[in-house]
1. Determine if region A:8-19 includes at least one residue that is within 16 Å of DNA strand C (Cβ to nearest atom), part of a loop (DSSP other than H, G, I, E, B) and within 16 Å of A:S94 (Cα to Cα).
2. Report, by residue number, each residue of region A:84-123 that is small (G, A, S) and either touching a Pro at 6+ places or on another chain (Cβ under 6 Å) or modelled with pLDDT under 85 (or both).
3. Only residues that are within 12 Å of DNA strand D (Cβ to nearest atom) and either surrounded by fewer than 18 Cβ atoms within 10 Å (Cβ to Cβ) or assigned by TED's automatic domain parsing to the domain that holds B:F96 (or both): list them for region B:2-12, please.
4. May I ask you to list the residues in region A:146-168 that are at the interface with another protein chain (Cβ under 8 Å from one of its Cβ atoms) and polar (S, T, N, Q)?
5. If we scan region B:97-109, do we find a residue that is more than 27 Å from B:D195 (Cα to Cα), part of a helix (DSSP H, G or I) and in contact with a Gly (Cβ under 7 Å, 6 or more places away or on another chain)?
6. If you check A:D195, A:D171, which single one turns out to be more than 7 Å from chain B (Cβ to nearest Cβ) and under 18 Å from B:L142 (Cα atoms)?
7. Search region A:38-58 for residues that are under 20 Å from A:C264 (Cα atoms) and pair each with any residue that is within 12 Å of DNA strand C (Cβ to nearest atom) when their beta-carbon atoms are under 7 Å apart and the residues are at least 6 apart or on different chains.
8. What residue, among those in region A:23-40 that are surrounded by 14 or more Cβ atoms within 10 Å (Cβ to Cβ) and part of a loop (DSSP other than H, G, I, E, B), is nearest to DNA strand D (Cβ to nearest atom)?
Number of protein chains: 2
Amino acid sequence: MTKKQLIMEKALELFAKQGFEATSVQQITDHCGISKGAFYLSFKSKDELIVALIDHFMRQFTADIDYVVNHEQNDADLLYKFYYTTFQSFNKHSDFAKILMKEPTQSFNEELFTKLHNYNKSLEKIILSMIDRLYGEQANDLKYDLAFCIKGFMNTYSELFLLYKLPIDLDLLARSLVEKTDLLAKNMTLSFISDELIQMIDQPLNEERTLAQIVEIVEKNIEDMEDSIEKESLILLKQELLEPALHPAIVKGLLENIRQHPHCKWVAYLLRRHFGIK
Amino acid sequence: MTKKQLIMEKALELFAKQGFEATSVQQITDHCGISKGAFYLSFKSKDELIVALIDHFMRQFTADIDYVVNHEQNDADLLYKFYYTTFQSFNKHSDFAKILMKEPTQSFNEELFTKLHNYNKSLEKIILSMIDRLYGEQANDLKYDLAFCIKGFMNTYSELFLLYKLPIDLDLLARSLVEKTDLLAKNMTLSFISDELIQMIDQPLNEERTLAQIVEIVEKNIEDMEDSIEKESLILLKQELLEPALHPAIVKGLLENIRQHPHCKWVAYLLRRHFGIK
DNA sequence: CATACTAATGACTACACGGTCAATTGTCAA
DNA sequence: TTGACAATTGACCGTGTAGTCATTAGTATG
């Protein structure tokens with residue numbers, strides 16, 4: 001484990017207990033068993049650590065959900081898989097989820113707020129594509145409301161195990177939320193959230209990634225990796241970004257190679273979107 | 001206006017923007033146009049100010065909602081009035097609502113956490129009484145789930161105007177949430193949140209259970225069970241309570257044995273806490 | 001073993017915080 | 001106008017913070 005990873009891991013525990021503000025760098029380094037100076041060899045500042053943590057987990061989370069939604073063939077299982085994976089992920093990374101749910105986002109600096117907003121939008125996009133696939137025309141006017149309800153369920157029910165550390169029957173939870181969602185989708189008539197409203201929310205924060213940005217992210221990823229099949233796959237994919245030459249099937253295979261690697265989930269997500277591969 | 005009120009008003013604005021931690025007493029007094037010393041004539045400490053703010057608004061909010069729910073004669077309008085009043089109140093006191101939604105509750109001191117938990121319980125009680133009145137027997141097993149959904153709606157939809165300051169059609173919002181709530185109440189079949197689960201949530205805030213109490217609960221559980229692996233496991237765990245002898249790994253295994261048994265979840269939860277096993 | 005280099009340390013700085021209190025200002029009855 | 005008292009101030013204190021950097025420890029190479 002690199003020092004960076006150690007710091008991130010230990011810092012997360014403290015942040016979850018005390019929040020960002022209330023946790024000092026000294027506490028973090030003590031908890032890691034390293035000196036304060038060593039901390040600043042890995043991170044330029046405390047803020048950079050926070051950004052790194054948020055990126056690390058949000059990328060993984062977004063990528064996981066996206067994969068599940070895109071790879072579930074059976075419509076009947078889609079919603080279930082979505083909820084199950086979501087809560088499983090929350091449960092696995094409960095320290096981070098706790099921070100995410102409760103940290104006062106508006107008090108962050110602009111950069112972090114925008115960042116979180118964008119991740120939130122990614123999640124919303126995934127949810128909307130799922131709604132579209134399952135209910136299509138039937139729920140067109142209601143899709144945003146439905147997405148909001150789904151997010152509301154996620155928020156409220158996750159409190160149960162984040163705040164109170166209760167044992168959770170994930171299967172039952174997922175099934176019960178599927179039922180609720182399905183009921184709403186098939187019977188709702190009143191739409192509150194219009195396209196217009198969504199546009200107003202999105203207005204200031206639009207941002208597509210350019211090819212160059214993606215290449216840059218891939219390169220950074222390659223640097224951080226140890227020699228392995230995954231690294232080789234990523235290098236090949238980077239070449240494919242710059243000079244498309246490979247058969248789609250090969251690209252898909254390469255993406256599959258890196259999908260499970262914990263540090264590649266985000267980059268795999270970006271690449272899947274870029275190459276238009278499910 | 002008394003000095004106390006002035007301070008509370010001005011402090012609230014800053015807290016909403018920056019959070020409690022990030023707002024200094026100096027900032028507050030500057031914003032009020034008074035000296036730091038004057039602040040401490042009105043409040044013993046910054047914490048006392050925070051408590052005063054939370055009490056002031058939560059009392060008002062709880063009382064408002066309670067009044068509406070208790071004084072609405074017409075069942076058909078009850079839910080609508082509830083949602084309308086709630087969001088109107090959020091809107092009116094949006095600075096406070098913002099704090100409430102986003103402040104990391106777990107990082108507060110014990111007193112504040114308990115306080116908020118109690119207000120939350122009051123609100124839940126009001127919601128549950130409303131559910132009981134409207135749907136009675138029909139939704140008895142589902143009442144907690146329904147209450148959670150209502151809270152989820154409140155949370156998610158309030159973000160729209162708390163975070164993004166959008167103009168809101170309160171009437172349409174309330175009507176659309178009434179529809180959703182009604183749909184769920186009349187058609188849901190799967191209950192996720194049981195009485196047992198609610199008990200577990202309330203538990204950690206009460207006093208710690210003594211060993212004797214836990215033993216008693218375990219014994220009662222054993223009596224009610226049929227002969228099985230689970231029962232044997234529970235008997236062994238009871239002995240372990242009285243005379244610790246087993247390896248932690250064995251204890252964990254025994255706990256795992258009873259975890260899924262429907263009548264053991266509560267006792268498994270207590271035991272996990274007692275033995276300090278995740 | 002000597003050298004060159006990197007990794008790691010922790011004492012240190014500058015500063016911001018919550019909270020205090022001697023000194024100052026404002027008020028009003030005598 | 002005086003004097004007694006209450007209200008208010010802001011310099012000050014101890015503490016804890018983020019971040020720096022001269023120094024030291026560790027390691028690889030010739």
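1. Taking every residue of region A:8-19 in turn, at least one turns out to be within 16 Å of DNA strand C (Cβ to nearest atom), part of a loop (DSSP other than H, G, I, E, B) and within 16 Å of A:S94 (Cα to Cα).
2. Keep residues of region A:84-123 that are small (G, A, S), which gives A:89, A:94, A:97, A:107, A:122.
Once the filter is applied, which keeps residues that are small (G, A, S) and either touching a Pro at 6+ places or on another chain (Cβ under 6 Å) or modelled with pLDDT under 85 (or both), region A:84-123 yields only A:S107.
3. Looking only at region B:2-12, we keep the residues that are within 12 Å of DNA strand D (Cβ to nearest atom), and these are B:2-4, B:6-7.
Once the filter is applied, which keeps residues that are within 12 Å of DNA strand D (Cβ to nearest atom) and either surrounded by fewer than 18 Cβ atoms within 10 Å (Cβ to Cβ) or assigned by TED's automatic domain parsing to the domain that holds B:F96 (or both), region B:2-12 yields B:T2, B:K3, B:K4, B:L6.
4. Correct list: A:N155, A:T156.
5. Within region B:97-109, one or more residues are more than 27 Å from B:D195 (Cα to Cα), part of a helix (DSSP H, G or I) and in contact with a Gly (Cβ under 7 Å, 6 or more places away or on another chain).
6. Details: A:D195 fails: under 18 Å from B:L142 (Cα atoms).
Only one candidate passes the filter, namely A:D171.
7. A:L49/A:I7
8. This residue is A:T23.
The values are calculated or read from the model by the stated rules, or taken from the named source; none is laboratory data. All figures in this text were calculated on a predicted structure; none of them were measured in a lab. Cβ coordinates were reconstructed from backbone atoms using ideal geometry, including for glycine residues, and neighbour counts include every protein chain displayed.
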